[in-house]
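Below is one structure; the comments refer to it alone.
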Amino acid sequence: MAMGTRKKRQRQEALWYGGELPTAPGHPFYKRLNEVLDAAKFDPFCETSCASFYHQKLGRPSLPPGQYFRIMMIGFFEGLDSERGIAWRIADSLTLRQFLSIGLDEKTPDHVTISRTRRLIDSETHQRIFSFVLEQLARAGLIKGKTIGVDSTTLEANAAMKSIVRRDTGENYMTYLKRLAEAEGIIAKDTPALLRMDRKRKKKTSNDDWKSPSDEEAEVN
C-alpha cells in the first residue's frame, strides 16, 4: 500500500457556486486544534513517522497519516470507543468533515479503513505522535494536566515522558525503560508492563540527561 499524503489530497476549487452547498459554522475547538496542528507541521511529521509502514510507490494511496490521527483524536474528544462509532460520527458531521478536510462529494473513511490503518501502524509510533500532539496542545493552552512541565507548560505525565529523549544516547523514554528492565532481569515486553515498572521506581529525570526532541531548550521539571 502506498502512503496517501495531505498534499496529494489537495483539490481544485469546486466549479459550482459555493453558496449552494450546506455549511456548518464549525466547532471553535476543532478550528483552533487544526490551527495548532498546522503551525506545528503535524501532517509532515505524521507522514515522516509512518513512512516505513508503506510502500514508496506500489498500491493504492492509503488514508493519509495526518488524517488518520485526527480521526483517532475525534474518537477521544467525542468519547467514542469503537471504530464503527467514529466512522458514523464523521459521516454525520459537517464540522468533523471540515476538521478532516473531507469534501461533501467525498466518502468519509469507513470503519474497515480505520481499523486496517490502526493495525498497520505500530504502538510506538502511535505513542510518539500522540505525545507530540499533547505537547503542542498544552503549549497552546487547549489542554491541562499535571506532574511534569515543559517551559512552564503543564503536560500529562506519561505522554510527556514518552516524548523526551536521552541526551547521551538519543533513545526515547520507553526504550530507556526497556533497557532498565532487562538490566534488572525484569520481564516487561509490552508498554503497559514497562509503565507499571516505571511507577514503582524512584524517578530521577534531570534536564542534564533528558531533552525534548522538538525543543532542546525546554526544561523537564
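Odds and ends about this structure:
- Residue within the stretch 22-31 that is touching a Cys at 6+ places or on another chain (Cβ under 6 Å) and either surrounded by fewer than 14 Cβ atoms within 10 Å (Cβ to Cβ) or in a helix (DSSP H, G or I) (or both) present: no
- Of residues in the stretch 80-101 being of a type in the set (S, T, N, Q) and farther than 14 Å from residue 67 by Cα, the one least open to solvent (accessible area, probe 1.4 Å): 93
- Residues within the stretch 102-118 that are at pLDDT below 90, open to solvent by 60 Å² or more (accessible area, probe 1.4 Å) and of a type outside the set (A, V, I, L, M), tallied: 1
- Candidates are the residues of the stretch 135-156 that are open to solvent by 60 Å² or more (accessible area, probe 1.4 Å) and of a type outside the set (Val, Ile, Thr); the one that is modelled with the highest pLDDT is 139.
- Flag set for residue 40, criterion: under 22 Å from residue 138 (Cβ atoms) and either in contact (Cβ under 8 Å) with a residue 12 or more places away in the chain or touching a strand residue (DSSP E or B) at 6+ places or on another chain (Cβ under 7 Å) (or both).
- Within the stretch 91-112, the residues that satisfy the criterion of being in contact with a Phe, Trp or Tyr (Cβ under 9 Å, 6 or more places away or on another chain) and part of a helix (DSSP H, G or I) are 95, 96, 98, 99, 111.
- Between 69, 77, the distinction of being under 21 Å from residue 133 (Cβ atoms) and surrounded by fewer than 18 Cβ atoms within 10 Å (Cβ to Cβ) belongs to 77 only.
- Odd one out for residue 79 among (1) of a type in the set (Gly, Ala, Ser); (2) at negative phi; (3) without any contact (Cβ under 8 Å) to a residue 12 or more places away in the chain: (2)
- For residue 171: the one exception among (1) at pLDDT 75 or above; (2) farther than 21 Å from residue 126 by Cα; (3) acidic (Asp, Glu): (2)
The values are calculated or read from the model by the stated rules, or taken from the named source; none is laboratory data. Keep in mind that this is a model prediction, so the values were computed, not measured. Virtual Cβ from ideal backbone geometry, glycine too; neighbours counted across all protein chains shown. Protein only, heavy atoms only, side chains kept; ligands, DNA and RNA dropped before computing areas. Shrake-Rupley method; radii C 1.70, N 1.55, O 1.52, S 1.80 Å.
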